[in-house]
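> Quick one: the structure is below, questions incoming.
The values are calculated or read from the model by the stated rules, or taken from the named source; none is laboratory data. Quantities reported herein were computed from a predicted structural model and do not represent experimental measurements. Positions of Cβ are generated from backbone atoms using ideal geometry, with glycine treated the same way; all protein chains shown enter the neighbour counts. When the accessible area is computed, the model is the full protein with side chains, heavy atoms only, and any ligands, DNA or RNA have been set aside. Shrake-Rupley method; radii C 1.70, N 1.55, O 1.52, S 1.80 Å.
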Amino acid sequence: MVHPTDLLRTDSTGDEGSFVAPLGDYRNDVDCGCSALPCLAQKLNLEKYAKPRCFLGVLTVAGLLSGIVVKYFRGTSQIWSKHYDIPQDTVDWLIYINEIFVGLFALFLAYWGNRMHRPNWLGALTIYLGISCIILAIPEIYQPFRQEETDLDTVNGPVLCRIQKSAQLTNLSININNQIIAFVILILYQVVYALYTVSFVAHGVTYIDDNTSPNQSPIYIALIFASLRMGKQSGIYSAWMPYIYSRKNIFVSIVWLLVASFLVIAGILIAMFPKVMPNTLLRKSVNSLLSIAAGNIVSDKFKSDTDGFFKSLFRLLKNKIVLLNITAMMFMQSAIINFNIKEKDFNQVKYHVSKYNDASGYSDTTLMQISTNLLKQPLIAVSYVAAGLVIAKLKPKPKYLIYWNIKSFVAVLITFAATRFFTCTSQLKNDFGGRLSVPYCSWNCGCSYDGPFHPICLNGETHFSPCWAGCTSYDSSLKIYENCTCGLNGINTASDGSCDTDNCSIFWALAQVHAVVSSALLGTTYITSLIINLRAVASKDKALTLGLSLTLLTLIPYLPVRAIYDVIADNFCEIWGKKTCQFYSDNFALFISIVTICFKILAVLTTIALLPFIRQIELYKNCNSRRESDSGLNFMRRTNNNTRNIYNNDPTISVNSRRNEEPEDNEEQMALHHSPTEGMHQSEGRLNTSGSRSSRSDRINSYLSEGDLVPPLRANMKLAKSTSRTSNTNSALTDSSLSAIANTVGDDHDSDFSSLQRLQKVKNLENKLDSSQEIPSSIESVRQPTGKLRNMKNNIVETDF
């Protein structure tokens with residue numbers, strides 16, 4: 001087999017028949033990212049696992065674990081925020097502040113991690129995430145949770161009329177120092193999670209995309225994000241455990257600590273992958289080898305280094321496809337994210353549903369359990385995988401992907417507008433003058449003005465909460481409140497929920513169905529937009545492109561757009577408590593819906609504006625055969641006497657071709673005459689310029705900028721001293737020989753480098769050349785190519801991976 005760095009090269013001198021090929025400046029790429037125990041890699045032969053599928057498996061596990069972490073953290077926020085005495089308004093920002101940190105760090109982290117070592121960065125940040133999860137348990141160790149803090153009836157139970165209730169709540173002893181330490185650790189955890197998120201997307205996804213075929217990477221990318229969604233679903237279930245088992249621990253729990261430990265292990269495994277996969281190095285090396293064999297002398301002056309940060313960023317900002325595509329997703333994300341944040345307030349106004357259920361969703365109604373808690377995340381994961389499979393297998397044109405995005409956005413827009421403007425509720429009993437009125441019948445209940453909205457139906461009227469209705473007991477089996485002092489005509493029992501529940505149930509069900517279906521549709525557009533962004537830029541700009549996407553998709557929705565939603569909410573508050581708004585007016589729901597629709601319309605219009613530009617990119621690599629891609633190499637050969645002799649002795653070459661080959665200025669004319677499809681074979685990420693032709697040196701520069709051809713590590717003095725000898729060597733292989741080399745090396749992905757059968761591979765290569773190559777008998781230098789390969793075999797540089 002061909003080892004990753006055993007790339008047909010010889011440094012022997014004086015052997016006119018030896019074949020010389022560039023090694024390329026990538027010795028540092030063939031490494032194990034985690035080099036603390038190099039002997040371990042040698043003993044276990046870990047190089048055999050340096051495959052895209054192995055990396056995909058480890059990355060999906062990391063995505064699954066990180067999804068569990070984020071949902072568990074947010075699902076238990078109601079418990080730990082009360083334990084550490086953190087105000088609810090602060091918690092609302094704290095659980096989403098990681099998204100803001102993502103926007104702040106995305107560009108710089110994506111750029112520098114891509115320049116250095118992507119698996120190292122991703123692995124290190126995964127380890128740090130696991131460690132930060134463990135650190136979250138420190139404040140809890142010094143200040144454990146009490147039993148009543150994790151009791152569902154205490155956290156989310158009905159607020160009944162109890163005169164001594166306020167006195168009972170004053171016996172809480174809080175360690176102020178521990179509270180400050182806990183708050184700082186929570187912020188630190190959110191910062192680390194934000195850094196991990198950036199690396200997961202910008203480094204993990206691009207590493208997979210760069211080391212797999214463009215026709216396979218959509219499936220791999222879809223699986224990565226699907227694992228994240230399934231992790232979030234598991235995190236929802238994990239957040240229910242403190243309520244189900246009434247446990248006293250949140251972060252000092254088996255589930256949390258196990259997930260944190262597995263994150264550390266996953267980070268170590270990710271960091272052990274090389275900077276570039278061996279299959280990618282081998283592919284680039286073979287391309288370079290075939291190019292030199294075809295007569296192209298590639299030197300250091302053609303080498304393209306990574307551009308600076310600002311130069312790369314300005315280049316992306318000039319890319320209309322990337323900018324319009326990201327802007328369209330930014331408008332849609334702004335609408336979806338901010339409506340989801342305000343959705344509980346919206347449902348409270350439109351359907352009289354309490355928003356003060358536990359944050360984990362365990363005490364939600366049956367409809368919410370089925371839609372939001374059980375179906376939403378799995379359906380999004382399925383939509384990711386379905387989109388990846390369709391793109392990989394059917395290979396739709398870019399314009400059809402944009403058409404799908406437009407149709408999906410329009411469908412989400414129409415269904416949203418059709419389900420959000422119905423009115424089905426009546427006025428509350430306890431509102432007066434924009435504040436809660438204290439009825440005489442419950443004046444001694446000690447009800448808090450900041451108490452949660454928990455509607456009950458008493459005498460056909462909806463009361464704000466059981467406490468304000470004077471109810472002193474609750475039958476959980478019948479869901480009936482008893483001994484309500486505000487009852488009339490001897491009726492002192494009230495039912496749980498609003499009196500308008502029957503009228504609003506159908507509208508609420510439609511809204512929940514819309515939320516699930518629209519999330520699945522938008523999941524498909526996320527994958528299509530991501531693939532378009534990756535293919536619209538050069539390989540070296542992929543990570544920065546995803547970093548720019550993360551910046552705009554987080555900072556804009558969570559800062560300026562959220563400020564707009566907050567201003568609307570503050571201006572349409574109907575019932576104020578002492579600190580926060582307890583209930584909003586009907587105009588709040590109306591304006592929130594209108595603003596959300598406007599952002600979705602902007603997303604549709606921006607996607608339509610993308611159509612004229614999307615035709616300029618190619619999403620897929622032409623993988624019909626290696627012979628097809630190698631057939632154009634003869635038109636890139638340097639003109640010399642030997643090539644003229646080959647053409648003169650080859651009866652298959654026409655007279656016109658010979659005439660066009662002799663003058664050097666007519667080389668491009670010959671390429672046009674013989675290779676009408678040559679312009680179609682381009683490296684991924686470049687714009688389709690098949691309609692225009694350029695010189696040979698321009699084509700070499702173009703390929704070098706994409707990394708398809710690897711320049712030699714140093715100038716080859718033998719090539720510089722003797723042009724004739726180089727020409728003899730470089731023209732020694734015909735098209736069938738070059739194709740045989742490429743076919744022997746293997747495909748672009750998942751090449752197995754686990755064994756050390758180098759000699760056997762060379763023998764196989766010799767046999768292929770012997771059986772496939774037809775060589776003119778008049779040329780002595782090309783009569784015995786297998787002898788050259790035997791010389792190469794003896795001079796192969798063996799460097800272990």
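> For R115, R146, what's the largest-to-smallest order of accessible area, 1.4 Å probe? Numbers along the way, then the final one.
Details: R115 105, R146 80 Å².
If we order R115, R146 from most to least accessible, we get R115, R146.
> When the chain is fully extended, how far beyond the present Cα-Cα distance does I414 get from D475, taking 0.36 nm per residue of separation? Mind dumping the intermediate values first?
On the way: separation 61, 0.36 × 61 = 21.96 nm, distance 4.25 nm.
Length gained between I414 and D475: 17.7 nm.
> Something else now. Whole-Hz Karplus ³J(HN,Hα) for region 376-381, in order, using 6.51 cos²θ - 1.76 cosθ + 1.60 and θ = phi - 60°, x for Gly and Pro?
For region 376-381, the Karplus curve yields 4, 5, x, 5, 5, 4 Hz.
> What figure in square angstrom, to the nearest 10, would you give for the accessible area of W112 with a 1.4 Å probe?
110 Å²
> Can you give me the long-range amide H partners of T462? Hydrogens built in the peptide plane at 1.01 Å from N, cutoff under 5 Å, separation of 5 or more residues or another chain.
The list, which skips near neighbours in sequence, is K429, C499.
> Count the net charge of all other residues whose Cβ sits under 12 Å from the Cβ of F572, scoring Lys and Arg as +1 and Asp and Glu as -1. Present the calculation step by step, with values, prior to reporting the outcome.
Working: positive: K342; negative: D345, D566, D570, E574, D586.
It works out to a net charge of -4.
> Then there's this: Residue by residue through region 508-516, what is 3J(HN,Hα) from phi via Karplus (6.51 cos²θ - 1.76 cosθ + 1.60, θ = phi - 60°)? Round to whole Hz and write x for glycine and proline.
Computed from phi, the couplings for region 508-516 are 5, 5, 5, 5, 5, 4, 4, 4, 6 Hz.
> Could you pull the accessible area for D209 with a 1.4 Å probe, rounded to 10 Å²?
0 Å²
> Shape call for region 41-147 from the C-alpha gyration tensor, a ≥ b ≥ c root eigenvalues: rounded (a/c under 1.5), prolate (a/b greater than b/c) or oblate? Working shown, then result.
Details: a/c = 2.79, a/b = 1.81, b/c = 1.54.
Because a/c hits 1.5 or more and a/b exceeds b/c, region 41-147 counts as prolate.
> Calculate one ³J(HN,Hα) per residue across region 71-83 by plugging θ = phi - 60° into the Karplus curve 6.51 cos²θ - 1.76 cosθ + 1.60, and present them in order as whole Hz with x for glycine and proline.
6, 5, 4, 6, x, 9, 4, 5, 7, 6, 5, 5, 5
> So what's the net charge close to L379: Lys and Arg +1, Asp and Glu -1, counting the other residues with Cβ under 14 Å from its Cβ? Walk me through the numbers before you get to the answer.
Working: positive: R229, K232, K376; negative: none.
Summing Lys and Arg as +1 and Asp and Glu as -1 gives +3.
> Would you list F108, F464 from the most to the least accessible area, probe 1.4 Å? Before the final figure, lay out each step's value.
Details: F108 110, F464 0 Å².
The ordering from most to least exposed comes out as F108, F464.
> Find out how many positive minus negative residues lie around H514, taking Lys and Arg as positive, Asp and Glu as negative, among other residues whose Cβ is under 14 Å from that of H514.
Numbers: positive: K350, K376, R420, K600; negative: E343.
Its environment carries a net charge of +3.
> Over the heavy atoms of H352, what accessible area does a 1.4 Å probe trace out, to the nearest 10 Å²?
10 Å²
> How far apart, in nm, are the 7 Å Cα→Cβ label points at K48 and F309?
About 4.3 nm separates the two model spin labels.
> Of K344/K578; K71/K600; K275/K311; K71/K318; K320/K600, which sit over 30 Å apart, Cα to Cα?
Working: K344/K578 20 Å; K71/K600 26 Å; K275/K311 24 Å; K71/K318 37 Å; K320/K600 20 Å.
Long pairs (Cα-Cα over 30 Å): K71/K318.
> Taking amide hydrogens as modeled 1.01 Å from N in the peptide plane, which residues meet the under 5 Å criterion relative to D85, leaving out close sequence neighbours?
none
> Between W443 and R115, what is 0.36 nm times their sequence separation minus the Cα-Cα distance? Round to one decimal in nm. Mind dumping the intermediate values first?
Numbers: separation 328, 0.36 × 328 = 118.08 nm, distance 6.78 nm.
So the chain would gain 111.3 nm between W443 and R115.
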